[in-house]
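Scroll down for the structure; my scribbles are underneath it.
Every read-out reported here was derived from the displayed coordinates using simple, explicitly stated rules and does not represent laboratory data. Fair warning: this is a prediction, and the values are worked out from it, not measured in the lab. Quick reminder, even Gly has a Cβ in these numbers, built from the backbone with ideal geometry, and neighbours come from all protein chains shown.
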Amino acid sequence: AQSVTQPDIHITVSEGASLELRCNYSYGATPYLFWYVQSPGQGLQLLLKYFSGDTLVQGIKGFEAEFKRSQSSFNLRKPSVHWSDAAEYFCAVGAMEYGNKLVFGAGTILRVKS
Amino acid sequence: DVKVTQSSRYLVKRTGEKVFLECVQDMDHENMFWYRQDPGLGLRLIYFSYDVKMKEKGDIPEGYSVSREKKERFSLILESASTNQTSMYLCATRAGGPGELFFGEGSRLTVL
């Protein structure tokens, strides 16, 4: 069965520090992947997506992610975190072979220390 | 910009009541989805629809039904609400095929 794992439930970083949020997937097909962010009380907003091509993708708000097929990973990074980045982050994976239904990870809550 | 509107942001219902959650989108998207979000579980797919009058079960359809009579509107129905259906419900749309989802702001349902 398809699955998406975000190993870290909570992460706390200092403002200005770098950030990496992990995402691992288990899929029997060629996946496409997303990272979404959710601020408290809001819906989800797309940060970035990967379908094919360059495995390093740039997103909004200074985020980037790298697709590593050999490691089944799609980790999200930001070189310098701002207090406004505090939110919950979700990795999601889909595949045409599975009817394009997205499977979401459990989420990582990011706290930013000032 | 795609706008996905969920009619109720907060609802409080009693056990056994029938509950309707409505979702309307303004971008002529083919696909619509209902997810349930619970802490530590992420988003779980309840039902989805790839076309008008079409519906398919997601991963946790028990206790729910849906209706899509018009392309822009996708309703989630709880026939007899139970306390374990207390949750955040998120509607999402997609143009069709592989692609990103656009989400509404969510409906937080409390069943007493």
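What pairs from A:Lys49/B:Lys71; B:Lys3/B:Lys57; A:Lys101/B:Lys55; B:Lys18/B:Lys55; A:Lys61/A:Lys101; A:Lys78/A:Lys113 go past 22 Å between their alpha carbons?
A:Lys49/B:Lys71; B:Lys3/B:Lys57; A:Lys61/A:Lys101
Compare the Cα positions of B:Thr5, B:Ser80, B:Gly99 along the charge dipole of the range B:4-112 (+1 at Cβ of Lys, Arg; -1 at Cβ of Asp, Glu; about the Cα centre) and return the one farthest towards the positive end. Projecting each Cα onto the dipole axis, the largest value belongs to B:Ser80. Shown is the FRET efficiency for A:Ser39 and B:Ser65, computed with R0 = 22 Å from the Cβ-Cβ distance and rounded to the nearest 0.05: 0.10. Cα centroids of the range A:31-48 and the range B:8-47: 17 Å apart.
Other protein chain C-beta atoms within 10 Å of residue C-beta, averaged over B:39-49: 4.
On a per residue basis, the convex hull of the C-alpha atoms belonging to the range A:66-114 measures out at 100 Å³. Structural descriptor for the range B:11-112: relative contact order 36 percent, calculated from alpha carbon pairs under 8 angstrom and at least 6 residues apart. Take each residue in A:99-106, count the other chain C-beta atoms within 10 Å of its C-beta, and the mean is 6. As a length-normalised measure over Cα pairs under 8 Å and 6 or more apart, the relative contact order of chain A settles at 37 percent.
Calculated from the alpha-carbon coordinates, the protein assembly as shown shows an Rg and a Dmax of 17.5, 52 Å respectively. Ranking of A:Leu46, A:Leu21 by neighbouring Cβ atoms within 10 Å, starting from the fewest: A:Leu46, A:Leu21. The charge dipole of the protein assembly as shown, taken about its Cα centre with unit charges on the Cβ atoms of Lys, Arg (+1), Asp and Glu (-1) only, comes to about 320 debye. Each residue of chain A gets 97 Å³ once the volume of the Cα convex hull is shared out per residue. Overall, the range B:3-94 carries a charge dipole of about 160 debye about its Cα centre when +1 sits on the Cβ of Lys and Arg and -1 on the Cβ of Asp and Glu, all other atoms neutral.
Here the residues A:Lys78, A:Lys101, ranked from fewest to most Cβ neighbours within 10 Å of their Cβ, fall in the order A:Lys101, A:Lys78.
What the pair-distance distribution of chain B shows, using all Cα-Cα distances binned every 5 Å from zero, is 2, 13, 25, 27, 19, 10, 4, 1 percent.
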